[in-house]
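The values are calculated or read from the model by the stated rules, or taken from the named source; none is laboratory data. Since the structure is predicted, the reported quantities are computational estimates derived from the model, not experimental observations. For neighbour counting, all protein chains shown are included, and Cβ atoms are generated from backbone atoms with ideal geometry for every residue, glycine included. Only protein heavy atoms, including side chains, enter the accessible area calculation; ligands, DNA and RNA are left aside. Shrake-Rupley method; radii C 1.70, N 1.55, O 1.52, S 1.80 Å.
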Protein chains: 2
Amino acid sequence: MAPPETKKPEPEPGPKPEPGPEPEPEKAHPKKATPYHHGDLRRAILTAALDAITADGPAALSLRDLARRAGVSHAAPAHHFKDRTGLLTAIAAEGFGLLAGTLGEATDLKDAGVRYVRFAREHPAHFQVMFAPGLLRPGDLELTTARALATDALRTSVSAVRSEDFGIDTRLAGIAAWSLAHGFATLLLGHNLDGPVGDKDPEEVFRTLATTLFRAH
Amino acid sequence: MAPPETKKPEPEPGPKPEPGPEPEPEKAHPKKATPYHHGDLRRAILTAALDAITADGPAALSLRDLARRAGVSHAAPAHHFKDRTGLLTAIAAEGFGLLAGTLGEATDLKDAGVRYVRFAREHPAHFQVMFAPGLLRPGDLELTTARALATDALRTSVSAVRSEDFGIDTRLAGIAAWSLAHGFATLLLGHNLDGPVGDKDPEEVFRTLATTLFRAH
DNA sequence: CGGCAATCTTGTCAGTGTCAAGTTGGGATG
DNA sequence: CATCCCAACTTGACACTGACAAGATTGCCG
């Protein structure tokens with residue numbers, strides 16, 4: 001969207017399929033239906049997008065730039081993601097899937113919170129996009145199902161705590177836990193806690209925090 | 001950035017200074033140095049931007065569109081805000097100023113939290129931009145001072161609670177309170193709490209939440 | 001009254017997202 | 001093995017954008 005930043009005046013397309021030998025269509029899992037010419041353009045663009053978002057945020061993302069990085073034409077991404085919104089929606093859906101996975105392995109509510117924060121730190125690009133509704137396709141099926149999965153996982157962790165422990169109904173406890181973890185993660189990613197947290201391990205800070213706030217009264 | 005959405009094919013410039021009488025340079029406060037031709041372009045663009053962001057998010061914001069709404073040429077905004085980042089930075093700075101103001105009137109920590117949530121609901125555009133670091137000019141003076149003001153106001157509210165009440169040091173209590181309020185506000189604006197909160201008053205929900213979590217142990 | 005500086009306009013350029021139409025090549029079908 | 005089909009990709013175009021440079025307008029101040 002902004003042309004001021006000179007980026008890649010180099011005419012060479014970069015690390016593409018070598019001109020000499022064939023582009024080696026082998027994959028990690030032998031079968032799995034290797035898509036086509038590029039090898040796995042969809043995945044390549046996704047990871048390139050994640051890198052770009054991690055570095056400069058979702059706003060700076062450019063489909064044409066991603067295409068250049070992958071060594072394909074400017075319109076190639078459209079075939080896999082329809083448009084910019086589609087790409088970001090795919091990223092968000094993937095993120096909710098990953099989140100649901102890690103939340104599903106949580107032993108209790110506090111552990112779920114710690115996992116939530118860890119997820120945000122390990123997948124900052126996913127996390128940012130997941131909670132930027134203006135960038136996503138609202139009705140998308142993959143997105144809504146993945147989000148529902150993550151919500152369910154969170155709800156399961158919440159329902160595991162007996163309500164008498166907090167003198168608070170389960171629904172409210174869920175909102176509280178989610179708010180605490182989400183706020184901590186968001187402020188952390190935005191470097192708003194760099195001062196207070198300092199060089200301490202953020203997950204450890206959050207653990208003490210959650211322990212103190214949520215201990216039995 | 002995206003030309004697909006047809007917006008305003010109407011050739012007429014809209015509600016501009018009427019061609020017949022003069023553009024009536026009167027202001028609310030008689031003096032105050034009415035800037036120039038437009039009356040108060042800077043303010044006009046700011047409020048137009050806030051409207052646009054509230055409606056479609058910061059990503060959809062277009063300087064040229066704001067200029068059209070204000071009835072000025074496409075390059076007019078640049079003179080007041082330098083560039084897109086400058087405009088968003090100005091909005092964020094204004095937001096931190098407003099937030100500092102309302103936090104400064106808080107009676108205690110819980111009240112500060114409620115005010116934080118209320119601010120996010122009453123100024124959603126400001127709030128979104130304030131915590132989107134990728135859209136702001138990092139070193140901007142107005143921004144950093146306004147942010148410091150808001151941080152101080154929050155710190156004051158936190159330090160008002162005696163640490164023995166929570167068995168937790170003040171710094172940690174601050175992080176906890178901020179995380180809780182910020183997470184709640186963020187999830188609320190992203191419509192992630194529409195289900196759980198329902199049609200109840202969000203501020204009231206947050207109040208019970210904070211009361212339960214932060215009551216003396 | 002003359003200049004001056006802030007305000008705004010006009011014109012231009014590189015870059016972007018999206019669409020439409022063409023090209024390529026691998027796999028299935030006969 | 002020949003053929004066709006269709007997904008993957010390319011090429012080209014269009015409307016739009018942010019940013020910059022240079023010129024025009026206008027109120028104010030000496």
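Ordering A:180-187, B:197-204, A:55-62 by mean Cβ neighbour count within 10 Å, with the highest value first, yields A:180-187, A:55-62, B:197-204.
What does the convex hull of the alpha-carbon atoms of the range B:111-217 project to on average, in nm²? It would help to have the intermediate numbers written out before the result.
On the way: hull surface 29.8 nm².
Mean projected area of the Cα convex hull: 7.4 nm².
The mean count of C-beta atoms from other chains within 10 Å of the C-beta of residues in A:124-132, rounded to a whole number, is 2.
With a probe of 1.4 Å, find how much accessible area the range A:65-217 has per residue, and write the answer as a whole number in Å².
Values: 6750 Å² over 153 residues.
Result: 44 Å² per residue.
Based on alpha-carbon atoms, the Kirkwood radius and the radius of gyration of the range B:88-139 give Rg/Rh equal to 1.02.
Look at the stretch A:187-194: the mean tally of other chain Cβ atoms within 10 Å of its residues' Cβ atoms is 4. Under a no-solvent Debye model with one identical scatterer per Cα of the range B:121-184, what's log10 I(q)/I(0) at q = 0.15, 0.18 Å⁻¹? Log-scaled intensity ratios, in q order: -0.60, -0.80.
Quick one: which of B:Lys82/B:Lys110; A:Lys200/B:Lys110; A:Lys110/B:Lys110; A:Lys110/A:Lys200 span more than 29 angstrom between C-alpha atoms? Can you show the working numbers first?
Working: B:Lys82/B:Lys110 39 Å; A:Lys200/B:Lys110 27 Å; A:Lys110/B:Lys110 23 Å; A:Lys110/A:Lys200 19 Å.
In this structure, B:Lys82/B:Lys110 exceed 29 Å between Cα atoms.
Relative protection proxy for B:78-85, B:172-179, from highest mean packing down: B:172-179, B:78-85 (other beta-carbon atoms within 10 angstrom).
Averaged across B:168-178, how many Cβ atoms of other chains sit within 10 Å of each residue's Cβ atom?
Values: counts 5, 2, 0, 5, 7, 3, 2, 12, 10, 3, 6.
Across the residues of B:168-178, the mean count of other-chain Cβ atoms within 10 Å is 5.
Copy-to-copy label distances for B:Ala60, where each label lies 7 Å from Cα along Cα-to-Cβ, are 2.5 nm in order of increasing length.
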